[in-house]
Amino acid sequence: MHCPYCQHTDTRVIDSRVSEDGATIRRRRECEACGERFSTLETVELKLPAIIKNDGRREAFDARKLRVGFDRALQKRPVAEEQIEAAVRAVVHAVRMSGERELNSRRIGEFVMDELRKLDHVGYVRFASVYRSFEDVADFREEIEKLERDLPPGSGQLPLLQGGEVVSIDKHADRQKKR
């Protein structure tokens, strides 16, 4: 490992720690020449399948894009970073375990929707509205009703529909606005 400060070719490891999920190792290093210290992260590099986009293009799988999709769907929602990271890891694991060399982007979207359904109903509906190209309020209502039918009672999340009307749910607001 080259020193990022003086570019010397010899550094020594002074401490190693495995991450909580066991997927990375953080190493604290010291340069033999200049004495500066720095950290490195070591991860396993596995070949993930190529993604076939809707227009037929193929591109490499990018977990950063996956994270951005989760972040957009869960923006301003009460979901912990650890939960989002775990969901991203679950999708990456599902992609890896597919065993295929190429994977349709629709299938990845389904993996994402499965994880969002577990995390947050509002985030799930946000993602579904873009992913499934909702055209009008009826599409939203249909997806919400399907979601509520499929969820076990007492799932810990507030209902998305009250009395047949779509309700905007914001835990940070003092009121619920009916639309």
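The values are calculated or read from the model by the stated rules, or taken from the named source; none is laboratory data. None of the values given here were measured: they were computed from a predicted structure. As a convention, Cβ positions derive from the backbone with ideal geometry for all residues, glycine included, and neighbour counts pool all protein chains shown.
Side notes on the structure shown:
- Wholly enclosed helices (runs of 4 or more DSSP H) of segment 81-179 bearing at least 1 residues modelled with pLDDT of 90 or more and aliphatic (A, V, I, L, M): 81-97, 105-119
- Subset of segment 50-80 that is of a type in the set (Asp, Glu) and either surrounded by 11 or more Cβ atoms within 10 Å (Cβ to Cβ) or assigned to a helix (DSSP H, G or I) (or both) - its residue that is nearest to the chain's Cα centre (by Cα): Asp71
Listed here are the residues, each with its yes/no results for (1) assigned to a loop (DSSP other than H, G, I, E, B); (2) at positive phi; (3) modelled with pLDDT under 95; (4) among the small types (Gly, Ala, Ser).
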{"position": "Cys6", "(1), (2), (3), (4)": "yes, no, no, no"}
{"position": "Val13", "(1), (2), (3), (4)": "no, no, no, no"}
{"position": "Gly22", "(1), (2), (3), (4)": "yes, yes, yes, yes"}
{"position": "Arg28", "(1), (2), (3), (4)": "no, no, no, no"}
{"position": "Phe38", "(1), (2), (3), (4)": "no, no, no, no"}
{"position": "Glu42", "(1), (2), (3), (4)": "no, no, yes, no"}
{"position": "Leu48", "(1), (2), (3), (4)": "yes, no, yes, no"}
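- Search result, residues across segment 15-48 that are out of contact with any strand residue (DSSP E or B) (no Cβ under 6 Å at 6 or more places or on another chain), within 30 Å of Arg101 (Cα to Cα) and either surrounded by fewer than 14 Cβ atoms within 10 Å (Cβ to Cβ) or of a type in the set (Gly, Ala, Ser) (or both): Ser19, Glu20, Asp21, Gly22, Ala23, Val44, Glu45, Leu46, Lys47
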